[in-house]
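For reference, the structure discussed in these notes is given below.
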Amino acid sequence: MKINYIGPDRDLIELSVDEAYDRADVYDSDSDFEKDCKLFAWIGKRKHRCIAFNAVSYSAELEQAVADGIEILIIKEPSHVTES
């Protein structure tokens with residue numbers, strides 16, 4: 001977890017998917033639906049975004065998240081990214 005101080009009363013928290021699941025009390029044995037419910041309950045009304053990690057575009061995506069007022073940025077590592 002990384003906390004980026006943006007300004008008074010404003011931080012942007014960066015987490016991996018696993019870190020976000022840990023904070024939301026998600027277990028491996030939970031169904032996908034249950035994982036989603038727990039994660040969204042933990043996020044609550046905070047603005048959030050999920051991005052796939054890409055070393056080339058990371059800085060630009062972080063800057064955009066700050067500009068958009070994102071409070072929680074979840075970063076998917078390559079092992080968590082699936083092709084659609």
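The values are calculated or read from the model by the stated rules, or taken from the named source; none is laboratory data. These numbers come from a predicted model, not from an experiment. Don't worry about glycine lacking a Cβ; one is built from the backbone with ideal geometry, like all the others, and counts go over all protein chains shown.
Scan region 21-41 residue by residue and report those that are in a loop (DSSP other than H, G, I, E, B), among the acidic types (D, E) and exposed (fewer than 14 other Cβ atoms within 10 Å of the Cβ).
D25, D28, listed by residue number.
Can you find a residue in region 42-62 that is exposed (fewer than 11 other Cβ atoms within 10 Å of the Cβ), of a type in the set (A, V, I, L, M, F, W, C) and in a loop (DSSP other than H, G, I, E, B)?
Checked region 42-62: at least one residue is exposed (fewer than 11 other Cβ atoms within 10 Å of the Cβ), of a type in the set (A, V, I, L, M, F, W, C) and in a loop (DSSP other than H, G, I, E, B).
Answer yes or no: is there a residue in region 37-45 that is touching an Asp or Glu at 6+ places or on another chain (Cβ under 7 Å) and modelled with pLDDT of 90 or more.
Yes, some residue in region 37-45 is touching an Asp or Glu at 6+ places or on another chain (Cβ under 7 Å) and modelled with pLDDT of 90 or more.
Looking only at region 1-20, filter to residues that are farther than 10 Å from I74 by Cβ and in contact with a Phe, Trp or Tyr (Cβ under 9 Å, 6 or more places away or on another chain); which one of those is surrounded by the fewest Cβ atoms within 10 Å (Cβ to Cβ)?
Restricting to residues being farther than 10 Å from I74 by Cβ and in contact with a Phe, Trp or Tyr (Cβ under 9 Å, 6 or more places away or on another chain), the top hit is D11.
So, of the residues in region 64-84 that are charged (D, E, K, R) and modelled with pLDDT of 95 or more, which turns out to be farthest from A20 (Cα to Cα)?
D68
Show the residue pairs meeting these rules: Cβ distance below 6 Å; 6+ apart or different chains; first residue within region 41-70 and free of Cβ contacts under 8 Å to residues at least 60 places away in the same chain; second residue of a type in the set (D, E) and part of a helix (DSSP H, G or I).
I51/E61
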